[in-house]
1. Quick one: would you say residue 20 is among the aliphatic types (A, V, I, L, M) and modelled with pLDDT under 60?
2. Just to be sure, is residue 65 at pLDDT below 95 and of a type outside the set (Val, Ile, Thr)?
3. Give the number of residues within segment 65-80 that are surrounded by 17 or more Cβ atoms within 10 Å (Cβ to Cβ) and of a type in the set (Ser, Thr, Tyr).
4. Please indicate, with yes or no, whether at least one residue in segment 162-173 is closer than 17 Å to residue 61 by Cβ, assigned to a loop (DSSP other than H, G, I, E, B) and either modelled with pLDDT of 90 or more or not aliphatic (A, V, I, L, M) (or both).
5. Identify the residue in segment 49-62 that is among the small types (Gly, Ala, Ser) and modelled with pLDDT of 85 or more and, among all such residues, is nearest to the chain's Cα centre (by Cα).
6. For segment 172-184: of the residues being without any contact (Cβ under 8 Å) to a residue 40 or more places away in the chain and aliphatic (A, V, I, L, M), which is nearest to residue 98 (Cα to Cα)?
7. Need at least 3 residues that are of a type in the set (Phe, Trp, Tyr) per element, so show me which strands (runs of 3 or more DSSP E) inside segment 89-151 make the cut, counting only ones lying wholly within it.
Amino acid sequence: MYRKAFLFILVLFFSLPEVAGQKHPQFSHIGAGAGLNFAGIRSGEGYDSHDKNIGLNIGIKANYSFSKLLSAGSGISFERKGAVDETFDVNTNISYISLPLYVEWTLTQKPRFFIQTGVYGSYLINAVKKGDMRVGGQNVPVNEDLKEDFRSYDAGIILRGGFKVELNWDFDFFVSVNTSVGLLNISENSESSPKNYHFGITAGYIYYIGFR
């Protein structure tokens with residue numbers, strides 16, 4: 001089901017000029033934001049006792065508008081995902097550089113509530129296990145490089161919703177709630193196909209270049 005949704009969104013993204021039917025679409029705005037991810041790993045043997053890992057997301061984006069209500073966008077971001085093993089109090093931190101492609105619908109004006117749906121591709125830059133494991137009544141520090149245990153890429157579906165508040169003619173402030181579901185096995189070794197997922201919140205600023 002998720003893979004079919006991924007393909008549908010990808011086709012929708014690249015067919016937007018025909019769907020929107022606008023004769024003169026234009027580059028409308030750029031933005032930057034940062035926030036927190038609450039990430040986890042699903043369907044993975046050995047991750048059943050894991051809880052959500054809190055990490056940073058930070059990135060930039062640009063939107064290409066077909067009307068005041070419909071636009072498409074992309075960007076680049078740093079995201080930390082992974083999971084926390086509650087049994088041993090050890091974090092598995094997985095860091096990616098991500099490239100999203102999304103469609104944005106504006107639902108209301110002042111404030112502007114919006115919904116985004118799309119897909120993402122990610123490249124692995126780091127994976128480590130950190131924490132203090134309790135062994136024999138003592139805390140044993142853990143700092144293990146896991147990059148060789150994870151695949152260097154990931155891809156999935158994203159869904160976002162939020163609002164924009166006009167600060168002046170050129171700038172908006174935005175807040176969004178985000179979620180993503182990974183579709184690929186992220187492990188090089190596991191047969192249980194562990195996959196990423198996350199919930200997050202992001203805030204930042206938008207600068208308008210084209211029409212608002």
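1. yes
2. yes
3. Selection size over segment 65-80: 3.
4. yes
5. So, considering only residues that are among the small types (Gly, Ala, Ser) and modelled with pLDDT of 85 or more, the one nearest to the chain's Cα centre (by Cα) is 59.
6. Only one residue tops the list, namely 184.
7. 90-106, 112-135
Listed here are the residues, each with its yes/no results for (1) surrounded by fewer than 15 Cβ atoms within 10 Å (Cβ to Cβ); (2) more than 14 Å from residue 100 (Cβ to Cβ); (3) without any contact (Cβ under 8 Å) to a residue 40 or more places away in the chain.
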residue	(1), (2), (3)
159	no, no, no
170	yes, yes, yes
186	no, yes, no
203	yes, yes, no
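The values are calculated or read from the model by the stated rules, or taken from the named source; none is laboratory data. Computed from a predicted model, the values in this text were never measured in an experiment. Counting neighbours? That spans all protein chains shown, and the Cβs are built from the backbone with ideal geometry, glycine included.
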